Every structure is written in C-alpha cells, then in structure tokens.
Amino acid sequence: LYDRYDGGVWVSIDGGKSFNRTLTKPVFDLKAVHLANAPPMLLASAVWATPEEALYASDDGSTWQAVATGISFSGRRPFYPNTAIGKSVLFFSALTVNPHNYSDTSSVLFSRPVGEVLAEAAGGVAGAGWTAVANSPRLDEDSMQKDRMALLVHPANDSMLFVAGNAGALTWRVDWRRGIWTESAWGDTSDGSGPHSDCRNYYWEPTGSNLVLLSDGGAFLRTEPSTSGGRWRSLQGDIGAMELVSASWEPHTRSWVGGAQDNSVQLAGPD
C-alpha cells in the first residue's frame with residue numbers, strides 16, 4: 001500500500017507456526033519443483049520493474065539469487081509476470097506497458113535451459129541467458145493492466161507450451177523451439193468452442209490428459225489439448241458465478257447489494 005517495491009517471500013519450517021522473510025522484493029509468481037538429478041528449485045518473478053525480475057533459490061527458499069540474464073523489456077514496464085517450469089526448460093513471461101502511454105500494452109515471453117540457471121546460480125558462466133520465444137503475438141489486447149498471462153509446459157513434452165492471454169489473443173499451443181503458435185480455441189476445436197477471456201492460470205488434469213484454464217469466467221477444461229479436434233467446456237456445473245468487486249448488507253429489506261465488474265449492481269434477497 002505504501003511502497004510498491006516492498007513485498008517478498010516468507011518461509012516456514014515448522015508447519016506454519018512461524019515464518020522467516022527471506023526475500024523483500026515484490027513477488028507476483030512463485031513456482032516450486034523437484035527435478036530429477038537437480039536440487040529442489042524455487043523460481044520467483046518480481047513485479048514493478050525491479051532490477052532483478054527472475055530470482056532462484058535451491059535451499060528451501062532461504063537464499064535468493066538473480067538469474068535474469070537476457071531478460072529485456074525494451075523500455076517498457078512489466079506487470080504481473082509469470083513463470084513455468086518443464087523438465088529441462090524454464091519460461092518467464094510478462095504483460096508490459098509503455099510508461100508514457102498506459103493504453104499501449106504488449107507482452108514478452110522468454111525461455112532458458114534449466115541447466116543454465118543452475119550453473120548461473122552456482123556462480124558459473126551465465127551462458128546465453130533468457131531467449132525470446134519467436135513469433136510471440138501481442139497477448140494483452142484490451143489494454144487493461146489487470147490481466148496476466150497463463151503458462152504451462154506439457155508434462156510429457158518440453159517442446160509444447162500452453163499460453164493464454166486475453167481478448168482476441170486468448171489460448172495458444174506453442175511449439176516454442178520452432179516459434180509456431182497455434183490458437184487452441186474456436187477453429188482448433190471440433191465444435192468451435194472456447195473459454196471465457198481474461199485468463200489467470202493453467203493446470204493439468206492428469207486422469208484424461210486435459211488442460212484446465214481459470215479465468216474471470218470460472219474454470220474451463222480443454223480435451224485433447226495437444227492436437228486439433230478437442231473441445232472446451234465449462235466446469236461451472238450449477239455454480240452461479242459473478243465477478244463481484246464489493247458487497248454490502250442492506251438491513252431494511254434484508255438484502256445483499258453487490259457491485260459487479262462489467263455487470264452493474266446486483267441485488268440478492270430478501271434473505
């Protein structure tokens with residue numbers, strides 16, 4: 001609230017009875033993974049264009065090191081950066097904004113071998129650093145600094161990356177090594193289906209090898225996400241979801257009054 005550059009990571013080693021603050025940078029995304037033949041890895045992305053956008057820890061989060069070699073925003077500012085971890089590759093992404101024109105938004109997406117990050121964190125040669133993924137489209141089309149990109153590496157195929165943006169740049173299946181971007185909604189499905197926009201996070205549903213996307217509109221599942229021909233369907237069931245910004249109790253009529261983004265005022269009640 002008072003310092004946009006304040007934030008951090010807190011670590012507990014006693015089941016949550018106490019916490020130790022190990023990082024003071026404002027972290028938006030934090031990923032943890034234990035890869036084969038490598039120490040446990042924590043990858044954090046810092047927001048508000050701090051000098052070190054990507055940070056790494058391999059000791060349960062006690063000591064953090066910058067591993068941002070190669071990340072460039074070309075004079076733009078990142079907001080809500082995100083990361084993804086594969087078996088042998090890492091990804092760093094962010095929606096970006098022109099600091100002189102807040103309606104001018106865009107995006108960046110970088111990849112880097114896991115081995116390079118481990119070597120740099122251990123004090124070795126940084127190598128080539130993060131490399132921009134070729135042919136990346138502008139993934140923030142509505143110019144609203146409230147959205148984020150969703151990233152997920154296919155659990156069985158490091159060459160396949162699932163990416164989501166917003167508005168018309170919604171969901172993608174990316175052969176990132178060759179820079180081939182395939183839209184994974186509408187024309188890519190058997191029934192012309194697609195999820196709600198304003199995406200937030202991807203998850204993998206292993207039972208049927210399905211892709212789950214969380215967005216402002218709830219949860220959506222894509223069948224056969226690795227190839228063309230699947231379909232998107234809502235996982236809402238009988239849940240009535242509304243994007244409420246605020247809610248207050250009106251005692252005279254015993255009603256709830258809610259302010260809903262994009263949908264004006266909602267009234268529920270009495271009782």
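Figures for the structure shown
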| read-out | value |
| --- | --- |
| Filter result for the condition that a residue is at pLDDT below 90, open to solvent by 60 Å² or more (accessible area, probe 1.4 Å) and more than 21 Å from R148 (Cβ to Cβ), over D60, D6 | D60 |
| Options A167, A156; residue that is modelled with pLDDT under 95 and not polar (S, T, N, Q) | A167 |
| Single residue of N157, N166, N135 found to be over 17 Å from the mean Cα position of the chain (by Cα) and farther than 28 Å from A36 by Cα | N135 |
| The stretch 171-196 residues that are more than 21 Å from D147 (Cβ to Cβ) and touching a residue at least 40 places away in the same chain (Cβ under 8 Å), paired with ones that are hydroxyl-bearing (S, T, Y) and not in a strand (DSSP E or B) (beta carbon under 6 Å, 6 or more apart) | D188/S228 |
| Conditions (1) free of Cβ contacts under 8 Å to residues at least 40 places away in the same chain; (2) assigned to a strand (DSSP E or B); number of the one not met by D29 | (1) |
| Residue pairs meeting the criteria (Cβ under 6 Å; at least 6 apart or on separate chains; first under 15 Å from G218 (Cα atoms), in the stretch 233-253; second part of a loop (DSSP other than H, G, I, E, B)) | E243/D216; E243/Q261 |
| Given (1) under 17 Å from N166 (Cα atoms); (2) among the hydrophobic types (A, V, I, L, M, F, W, C); (3) touching a helix residue (DSSP H, G or I) at 6+ places or on another chain (Cβ under 8 Å), number of the condition A126 does not satisfy | (1) |
| Those strands (runs of 3 or more DSSP E) lying entirely in the stretch 198-263 with at least 1 residues within 26 Å of S184 (Cα to Cα), of a type in the set (D, E, K, R) and open to solvent by 70 Å² or more (accessible area, probe 1.4 Å) | 232-234 |
| Criterion violated by P155 - all others in (1) out of contact with any Gly (no Cβ under 9 Å at 6 or more places or on another chain); (2) open to solvent by 10 Å² or more (accessible area, probe 1.4 Å) satisfied | (1) |
| Test result for D147, surrounded by fewer than 19 Cβ atoms within 10 Å (Cβ to Cβ) and either in contact with a Gly (Cβ under 9 Å, 6 or more places away or on another chain) or outside any strand (DSSP E or B) (or both) | no |
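The values are calculated or read from the model by the stated rules, or taken from the named source; none is laboratory data. Quantities reported herein were computed from a predicted structural model and do not represent experimental measurements. Every residue, glycine among them, receives a Cβ derived from its backbone with ideal geometry; neighbour counts consider all protein chains shown. Heads up: the accessible areas ignore ligands, DNA and RNA and are worked out on the full protein's heavy atoms, side chains in. Shrake-Rupley method; radii C 1.70, N 1.55, O 1.52, S 1.80 Å.
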